[in-house]
Amino acid sequence: AVPDVVQRAVARVATYSTLHLYRGELFTRNVRETGELELSLFPKSAFDALPPAERERYIARLDLQEAYCRQKWDRGDTVVLAMESGKPAGILWCARTPVYVPDIGREVRPGAGECYIHDVYVHPDERGRQVAPAMLDFLARELRGRDVYRAWALIERTNVASTRAFEKAAYASVAD
């Protein structure tokens, strides 16, 4: 048996979570967009062009911080924005270049023809309405035009909503 003091010390510095590695072959699946869902690429220039009050509204609704968004764009990421009835419904961040992944404490380096999807967020009011699978399908269509045919994502085992979204978009769990 491990002494109590050792268990407490380890608990303070070691946090483990089981992550699933998902792989998706980027073939479009024609996921049907529901309601008035509009999907588009959301480059940094579009974000910067928003009036300050509207930019703050986007950030608040998507539960983000401006510095976080800028950090993603500075790495050359591809961003998909979902809008529902004129409001941000979700956002997806994808990297085709090396990206640091805090969950594993290292950089992920997608190979030629690959990308790494590192953040997918859907506003709570829009969950269960196929927003994430629609964003993933939109991303697949966009990236295939750029000769990117495979995507990777790490999802925490406890994140059932993300797991379902990726599986609906035909991603397969390949490792824990």
* Structure fact -> Going through (1) open to solvent by 20 Å² or more (accessible area, probe 1.4 Å); (2) closer than 26 Å to GLU56 by Cβ; (3) more than 14 Å from the chain's Cα centre (by Cα) one by one, HIS118 fails only at (3)
* To do: Kindly list, by first and then second residue, each pair from a residue in segment 65-85 that is on the phi < 0 side of the Ramachandran plot and open to solvent by less than 60 Å² (accessible area, probe 1.4 Å) to a residue that is aromatic (Phe, Trp, Tyr) and at pLDDT 85 or above, limited to pairs with Cβ atoms under 7 Å and residues at least 6 apart or on different chains.
  => CYS69/PHE47; LYS72/TRP93; ASP77/TRP93; VAL79/PHE42; VAL79/TRP93; VAL80/PHE42; VAL80/PHE138; LEU81/PHE42
* Asked: Picking from ALA172, ALA165, which residue would you name as being open to solvent by less than 50 Å² (accessible area, probe 1.4 Å), among the aliphatic types (A, V, I, L, M) and over 16 Å from ALA89 (Cα atoms)?
  -> ALA172
* Tell me, which residue of segment 99-108 that is without any contact (Cβ under 8 Å) to a residue 12 or more places away in the chain and either touching a strand residue (DSSP E or B) at 6+ places or on another chain (Cβ under 8 Å) or among the aromatic types (Phe, Trp, Tyr) (or both) is most open to solvent (accessible area, probe 1.4 Å)? -> ARG106
* To do: Could you please give the count of residues in segment 152-162 that are small (Gly, Ala, Ser), in contact (Cβ under 8 Å) with a residue 40 or more places away in the chain and not in a strand (DSSP E or B)?
  => 1
* To do: Determine, yes or no, whether ILE155 is at pLDDT below 90, surrounded by 15 or more Cβ atoms within 10 Å (Cβ to Cβ) and either of a type in the set (Val, Ile, Thr) or in contact with a Gly (Cβ under 8 Å, 6 or more places away or on another chain) (or both).
  => yes
* Asked: For segment 127-151, what are the residues that are surrounded by fewer than 23 Cβ atoms within 10 Å (Cβ to Cβ) and free of Cβ contacts under 8 Å to residues at least 60 places away in the same chain?
  -> ARG127, GLY128, GLY145, ARG146, ASP147
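The values are calculated or read from the model by the stated rules, or taken from the named source; none is laboratory data. From a predicted model like this one, the values you see are computed outputs, not experimental measurements. Backbone-built Cβ (ideal geometry, glycine too); neighbour counts: all protein chains shown. The area values use the complete protein model at the heavy-atom level, side chains included, leaving out ligands, DNA and RNA. Shrake-Rupley method; radii C 1.70, N 1.55, O 1.52, S 1.80 Å.
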